[in-house]
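**Q** Here's a structure for you.
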Amino acid sequence: MRESKPKLSNKLSLSTLIFLALGLTLGLGNAMAEDYPTAKVNTTGLAVTDTTVTVGILHSATGTMAISETGSIQAEKMAIAQINAAGGVLGRKIEVIQEDGASDWPTFAEKSKKLLENDKVAAVMGCWTSASRKAVLPVFEKDNGLLFYPTFYEGLEQSKNVFYTGQEATQQILAGLDWITKEKKAKTFYLIGSDYIWPRTSMKIARKHIEQYLKGKVVGEEYVALGDTQFGSVINKIKLKKPDIIYAAVVGGSNVAWFKQLNAAGLNAKKQTMLTISVTEDEVLGIGGENLEGFYSAMKYFQSLKNPNNEAFVAEFKKNYGDTAVIGDVTQAAYLGPWLWKAGVEKAGSFDVDKVVAALPGYEFKAAPEGYVKVDPNHHLWSKLRIGQWRKDGQADVVYESELIAPDPFPKGYQ
Amino acid sequence: MFGYTMDEIGNIVVMQGFSGLSLFSVLLLMALGLAIIFGQMGVINMAHGEFMAVGAYTTVLMSKLAVKYDLVHTYFVFAIIAAFIFAFVIGYLIEFLMIRHLYHRPLDTLLATWGLSLVMQQIFRSTFGAKEVSAELPEWLLGSFQPTPDIDIPINGVFVMGLAIIVTASVYLYIYRSRGGLRIRATMQNRTMASAVGINTKKVDRMTFALGCGIAGVAGASFTTIASTGPTTGSLYIVDSFMVVVFGGATSLIGTIASAFSIAQAQSILQFFMSSSMGKVSTLLVIVMILMMRPEGLFASKLRK
């Protein structure tokens, strides 16, 4: 299919040499496409030409999950635009094919098949919920695709074809619980989450950690149906048990109702300590800062982080998407995807999935807005955990920052 | 008792009682508009939740204006009125453009209104963005009222309850004590006869549908105090609304009230003693069993078949 390409580059070899020489003499670090003939960097028939490489973006732009996934789409597009502005990947501009998973898991599988088999994309940035990731996983494994998945999630998964740029459960949970137990001298915990795999797995880990390592007591564990908006009885139960800490992982519309009703029932941060693992800057918009003020979130990233990388990132994001745009944890993790892929490709000197997968572990990304991440051989990232305390204006003050935490998607003793 | 003092138990009983009543008013407000449309006209309006979202978004827009002109303290009352008007007008137009062509085809209206709900969701998403938004609430709607230091009564709950009482009373007065209501009831009982005595039944249908939508708008506006506002907010309410209406007996206003009350109390109490999702499941199970014995719902109007 691409037999003519080598001939073409033969013809151009003189100019290639000149360019190379020029590049060397001018000290330009940028890779030129000519240094990497298409036939050599693409042996598996991906959508790579002499000047372009195509990647896919697969998120829900419509449906229930659009609330959360919009930020990821924006961040990924911005990262790609920045990479292109800096010369692209191996001298090739990145072109994007965006597909809409429409918050429907079979649609995600369909679209990933389309991206991999028809469009032959070199990588896909995508998915948000675990359900959508589980739906596309067989497709990526069969077609040997490459997925960068941005959401913090429950762990218990590791695939050759996926890089997880968010935190897995132990990274998000353990250090946070350690901190708040010590800080508040907490003994009793009340666990509450929405009723699906992520909160349930997370709470299982949290309970084990509280009971075995922190010697605390779980006085209640509660799951509310997805979409449930009535928390009256649950709040009364909490009032009766008087836990030192509420540990919460409620999501979606329920999350908003939960905080509004909690506050209205008199359980605000003055009377009750709460640590949540499901509130980022994105959620604050719907919940309202006044209902969150004083509560804590455990995330690896907050928009208010003070470091030069993040300041540049936030400024660029606002330039692209307006001054009122907010950046949550997952948005930042989604931003890492294209950069990590670029690094993998350049380290491998090839777009071939197998070579990128082999090259990426061990890579340190020092320009990450969250500061520093390292790719572990298990395809997850080393990252820090931060605890943010919410302010009324919807931003968080970072009150604690952990050491770098190794990802451990299959934690021993927590299953 | 169970390691708690009598005082603590007393406080919880009070707060739990209130929480049941609060859930009752929420369910009632949700279901009232639907009861009018479904009960009086036999139209299964799957877009009911989206009309509630119209009310909620109206409130959010009004709150933006209020913040701009420094009227946060008072705007909420006007927001509710505006929500009613907006939802009413949109309902009126929808009836004219779509529903009236589908009378006597209940399954087709079901499908058509479901399509409408998807269209409306996408319109919300395109207009207001996919993310959830929140209305700036006046101070007097926030926090709790404390008769004793250990009892917290949520003010937004009291507000929703008050609103539910006002709306229900108005609907009752309108349907059973006014000329307009008389026409609605006449049309519902016997369309041909009503038409024969000079009632414009088409106009009555349009007004009834619009009224139901308007009430949904009010419900949506008041729910901004307790829950979320996003493009798919409406879908959170639709199942509960139908549950209340069907359980109560579709044609009876008293039935809707009784059904909202019993579902709310059952759910509230079960959720306290069981886990939250188990409480909900058990409530549904009981409803299914009762409906198996009484397919017409709690308060069916006695008809000769």
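The values are calculated or read from the model by the stated rules, or taken from the named source; none is laboratory data. This structure is a prediction, so every number in the text was calculated from the model and none was measured. All Cβ positions, even for glycine, are placed from backbone atoms using ideal geometry, and neighbour counts span all protein chains on display.
**Q** Would you confirm whether or not the stretch A:197-215 contains a residue that is under 22 Å from A:GLY266 (Cβ atoms), buried (at least 18 other Cβ atoms within 10 Å of the Cβ) and of a type in the set (Ser, Thr, Tyr)?
**A** no
**Q** Can you give me the number of residues within the stretch A:206-229 that are of a type in the set (Phe, Trp, Tyr) and either at positive phi or more than 13 Å from chain B (Cβ to nearest Cβ) (or both)?
**A** 1
**Q** Something else about it: In the stretch A:268-282, what residues are facing another protein chain (nearest Cβ under 9 Å) and modelled with pLDDT of 90 or more?
**A** A:ASN268
**Q** Considering only the stretch A:218-262, state which residues are buried (at least 23 other Cβ atoms within 10 Å of the Cβ) and of a type in the set (Phe, Trp, Tyr).
**A** Residues satisfying the conditions are A:PHE231, A:TYR247, A:TRP258, A:PHE259.
**Q** Within the stretch B:78-100, identify whether any single residue is within 14 Å of another protein chain (Cβ to nearest Cβ) and acidic (Asp, Glu), and answer yes or no.
**A** No: the stretch B:78-100 contains no residue that is within 14 Å of another protein chain (Cβ to nearest Cβ) and acidic (Asp, Glu).
**Q** Could we say that B:VAL244 is among the aliphatic types (A, V, I, L, M) and either more than 18 Å from B:SER22 (Cα to Cα) or modelled with pLDDT under 90 (or both) here?
**A** no
**Q** Follow-up question, since we're still on this one. With the condition kept exactly as written, say whether any residue in the stretch A:117-138 is part of a helix (DSSP H, G or I), charged (D, E, K, R) and more than 23 Å from A:VAL330 (Cβ to Cβ).
**A** Yes, the conditions are met somewhere in the stretch A:117-138.
**Q** Check the stretch A:183-192 and report whether any residue there is within 11 Å of chain B (Cβ to nearest Cβ), more than 24 Å from the chain's Cα centre (by Cα) and touching a residue at least 12 places away in the same chain (Cβ under 8 Å).
**A** No, the stretch A:183-192 has no match at all.
**Q** Please give the helices (runs of 4 or more DSSP H) falling wholly within the stretch A:1-88 in which 3 or more residues are within 26 Å of the chain's Cα centre (by Cα) and modelled with pLDDT of 95 or more.
**A** Per the criteria, A:66-85.
**Q** Something else now. Could you tell me which residue of the stretch B:122-140 is farthest from the other protein chains (Cβ to nearest Cβ), considering only residues that are more than 12 Å from B:THR225 (Cα to Cα) and part of a helix (DSSP H, G or I)?
**A** Checking each candidate, the answer is B:THR127.
**Q** Just name the residue that is nearest to B:ALA53 (Cα to Cα) out of those in the stretch B:143-155 that are surrounded by 15 or more Cβ atoms within 10 Å (Cβ to Cβ) and more than 7 Å from chain A (Cβ to nearest Cβ).
**A** In this case the residue turns out to be B:ILE153.
**Q** State yes or no: is A:GLY232 small (Gly, Ala, Ser) and more than 8 Å from every other protein chain (Cβ to nearest Cβ)?
**A** So A:GLY232 does not fit the description; no.
**Q** Does the stretch B:169-185 contain any residue that is assigned to a loop (DSSP other than H, G, I, E, B), closer than 16 Å to B:MET207 by Cα and within 23 Å of the chain's Cα centre (by Cα)?
**A** Yes, some residue in the stretch B:169-185 is assigned to a loop (DSSP other than H, G, I, E, B), closer than 16 Å to B:MET207 by Cα and within 23 Å of the chain's Cα centre (by Cα).
**Q** Right, another one. Could you tell me how many of the residues in the stretch A:283-329 are in a helix (DSSP H, G or I), crowded, with 24+ Cβ neighbours inside 10 Å and touching a Gly at 6+ places or on another chain (Cβ under 6 Å)?
**A** Qualifying residue count for the region: 1.
**Q** If you don't mind, another one. Could you list, in sequence order, the residues of the stretch A:48-68 that are closer than 23 Å to A:ALA135 by Cα and away from every other protein chain (no Cβ under 11 Å)?
**A** Selection gives A:THR54, A:VAL55, A:GLY56, A:ILE57, A:LEU58.
**Q** Determine the pairs where a residue that is free of Cβ contacts under 8 Å to residues at least 40 places away in the same chain, located within the stretch A:265-283, has a partner that is β-branched (Val, Ile, Thr) and not in a helix (DSSP H, G or I) with Cβ atoms under 6 Å apart, the partner being 6 or more residues away or on another chain.
**A** Partner pairs satisfying both residue conditions: A:MET274/A:ILE246.
**Q** Look at the stretch A:259-282 and say how many of its residues are within 22 Å of the chain's Cα centre (by Cα) and either part of a loop (DSSP other than H, G, I, E, B) or under 17 Å from B:VAL26 (Cα atoms) (or both).
**A** 4
**Q** Restricted to the stretch B:60-108, and to residues that are basic (Lys, Arg) and farther than 20 Å from B:HIS48 by Cβ, which residue is surrounded by the most Cβ atoms within 10 Å (Cβ to Cβ)?
**A** This residue is B:LYS64.
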